[in-house]
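Okay, structure first, notes after.
The values are calculated or read from the model by the stated rules, or taken from the named source; none is laboratory data. All values derive from a computational prediction rather than experimental measurement. Virtual Cβ from ideal backbone geometry, glycine too; neighbours counted across all protein chains shown. Protein only, heavy atoms only, side chains kept; ligands, DNA and RNA dropped before computing areas. Shrake-Rupley method; radii C 1.70, N 1.55, O 1.52, S 1.80 Å.
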Amino acid sequence: MKKNIIALSTTTAFWTPRLSLSLLLLLTLACPSLAQVKKTEVIGSPTFKDEKVTIRIKVNNQEDRPLMGLEDTNFKLTVDKKEVKFKPKDWKSPEESVPPPAWIIVLLDFSGSMNQVDSGGTKKIAGAINAIRQFTKISGERGGNTQISIVPFGKAGSKCPESIVNKETLDKFLAANDFKLQNNLDYLSSLTPCASTDLYEPLTTAVRFLANTKDSRFHLPENSSQPQPRLSIILLSDGYHNAVNEATDFAALTKLLKKNDKITVHTLGYGLTPQELGVKYKLGRPATRADLNKRKVPEAEFVDQKRLAEIAKLTGGIAEFSGNAERIAENLQLFLNALLGEYEITFTQPNAERGSKHKVQVKVSSQDGEAKESQIIEYIMPVFGRSLPLGVRLIMVISVLFIVIIFGIVPFHYWGKHLKAEAQRD
C-alpha cells in the first residue's frame with residue numbers, strides 16, 4: 001500500500017505541470033478573449049537601410065499581456081494611407097527578431113521573510129533566485145544586447161547588515177549570457193536574508209538612476225539611427241512598505257514614476273494573496289494592513305498586492321502574484337515577453353526620396369477578425385546613407401558626361417587645333 005501511495009505521488013508530481021500547460025492551452029481555445037487583440041503599438045522610431053524601412057510592433061491581449069503566437073497574415077501595413085504588401089520573410093515573430101537593447105534592474109527582496117517556504121515547499125529566496133536564473137538564461141538565448149543588474153534590497157535589522165541600493169550597486173550590469181551573472185546568483189544563494197522590507201526607497205533610487213539623461217547607455221540622442229534601449233525594473237518582493245508615512249512615500253513615488261514614463265516597472269508579489277490570508281486566518285474577508293496592527297495576520301506573511309499592482313499600472317507594467325517558485329519563474333518569462341516581445345516588419349518604401357516625409361500605421365487582427373490599429377508614426381527618409389533611385393542615378397551620370405564633353409573635351413579639341421595652326425604659321 002505504501003509503495004502504491006509513493007508511486008501515485010510521483011506520478012502526480014510528474015504530470016501536474018504538464019497538465020497545467022494542457023489546461024492553459026484548452027482555456028485559450030475555450031476563451032477566445034485571451035487571444036483577442038486589445039492594443040497594437042509601434043515601438044520606437046523606424047530604422048532604415050537604403051529604401052528598406054523596419055518597424056517594431058507590440059501587441060497586447062484583453063488581459064494587457066503580450067500576445068504571442070500571431071502570424072504574418074494577422075498584420076496589415078499602411079503607408080501614407082495606402083496598403084503596402086510585405087513578404088512573409090520580412091515579418092518576424094518576437095522569437096525570431098533580434099531584441100532591442102535593454103537595461104533591466106532586478107530588485108530582489110532580501111528581507112527575513114524570504115527564508116520562509118512557499119506553498120510548494122520551496123524556500124522563497126531559493127525559488128526567487130532559481131526563477132531569476134531561468135530568466136537570465138532565456139534572455140541570453142534570445143540574443144541582442146540585454147544587460148541585467150541583480151540588486152538585493154532590505155533595511156538593516158538586529159545583527160543584520162543593510163542591502164544598500166545606490167549607484168554603485170545598481171551599476172553592475174552584465175550581459176544576459178555572461179557567466180558572471182550566474183556566479184552572482186550563486187553568491188546570493190549562499191547568503192541568508194534577514195533585513196526588513198522597504199519597497200519605495202530602493203525603487204525610487206533605481207528609477208532615478210535609469211532616468212539620468214546624461215547617461216548615453218540609457219538615453220540616445222533623438223536623431224540617433226539606433227533604436228532607443230528598453231529600460232525596465234522588476235520588483236520582486238514578499239512584503240510591504242512598513243513605514244509610518246507609507247501614503248506620503250507612495251505619493252512621492254507616484255509623481256516620480258509619472259515623470260519618467262520611459263521606464264517600465266513590473267512587480268512580482270511572492271506569497272499568499274490577501275484573500276488566501278483571510279481564509280488561512282479565518283477573517284471572513286481579504287487581509288489588510290490594519291490586520292497587522294491588530295496582530296490578526298503575521299507581518300512576515302503579508303504582501304501588499306494592491307500597492308504592487310498600482311506601481312506596475314503607473315508605468316504600463318505588469319503586476320503578477322504567486323505563492324510558489326514555479327509560477328514565479330513563469331511570471332518572469334511573461335515580463336521578458338512584455339519587455340522584448342516585439343514583432344518586426346521590414347518593407348520597401350514606395351516612391352522613396354531623400355528627405356521625404358511619410359506616415360506608417362499597423363493594423364493587427366485577432367483570430368475572430370476583430371482588428372486594432374496602432375498609432376500613426378511619422379518618419380523622414382534619411383538624406384545620407386542610402387543609394388538614389390536608378391532613374392535619378394542615370395540622369396546624374398548622363399548630366400556629368402554631358403558637362404565633361406561640352407566643357408572638357410570640346411574646348412580641349414579646339415585648343416589643340418589652334419596650337420597646331422600656330423605651329424604651321426611659324
Next on the checklist: Can you pull out every residue in segment 136-171 that is in a loop (DSSP other than H, G, I, E, B) and farther than 16 Å from Leu231 by Cβ?
Outcome noted: Arg142, Gly143, Ala156, Ser158, Lys159, Pro161, Glu162, Ile164, Val165, Asn166
Checklist entry - For segment 228-263, which residues satisfy the criterion of being small (Gly, Ala, Ser), open to solvent by 10 Å² or more (accessible area, probe 1.4 Å) and over 13 Å from Asp198 (Cα atoms)? => result Ala247, Ala251, Ala252
Next on the checklist: I need the full set of residues from segment 235-263 which are under 18 Å from Pro100 (Cα atoms) and modelled with pLDDT of 95 or more, in order please.
Outcome noted: Ile263
Next on the checklist: Let me spell it out: the conditions are (1) within 17 Å of the chain's Cα centre (by Cα); (2) modelled with pLDDT of 95 or more, and Thr78 meets all of them except one. Which number is the exception?
Outcome noted: (1)
Item to check | Members of segment 201-227 found to be among the polar types (S, T, N, Q), assigned to a loop (DSSP other than H, G, I, E, B) and open to solvent by less than 60 Å² (accessible area, probe 1.4 Å), listed by number | outcome: Ser224
Checklist entry - Between a first residue in segment 44-59 that is more than 18 Å from Thr78 (Cβ to Cβ) and a second residue that is in a strand (DSSP E or B) and polar (S, T, N, Q), which pairs have beta carbons less than 8 Å apart while being 6 or more apart in sequence or on different chains? => result Thr47/Thr54; Phe48/Thr54
Checklist entry - Just one of Pro298, Pro286 is open to solvent by 40 Å² or more (accessible area, probe 1.4 Å), closer than 18 Å to Met114 by Cα and without any contact (Cβ under 8 Å) to a residue 60 or more places away in the chain; which is it? => result Pro298
Checklist entry - In segment 73-109, how many are outside any loop (DSSP other than H, G, I, E, B) and free of Cβ contacts under 8 Å to residues at least 60 places away in the same chain? => result 4
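State yes or no: is Glu373 surrounded by fewer than 16 Cβ atoms within 10 Å (Cβ to Cβ) and over 30 Å from Asp238 (Cα atoms)?
Criteria met by Glu373.
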Next on the checklist: Looking at (1) surrounded by fewer than 18 Cβ atoms within 10 Å (Cβ to Cβ); (2) in a loop (DSSP other than H, G, I, E, B); (3) not small (Gly, Ala, Ser), which one does Asp198 not meet, given that it meets all the others?
Outcome noted: (1)
Checklist entry - Just for segment 300-344: of the residues that are in a helix (DSSP H, G or I) and among the β-branched types (Val, Ile, Thr), which one is nearest to Ser45 (Cα to Cα)? => result Ile311
Checklist outcome for this item: Across segment 47-60, the tally of residues that are part of a strand (DSSP E or B), surrounded by 15 or more Cβ atoms within 10 Å (Cβ to Cβ) and modelled with pLDDT under 90 stands at 2
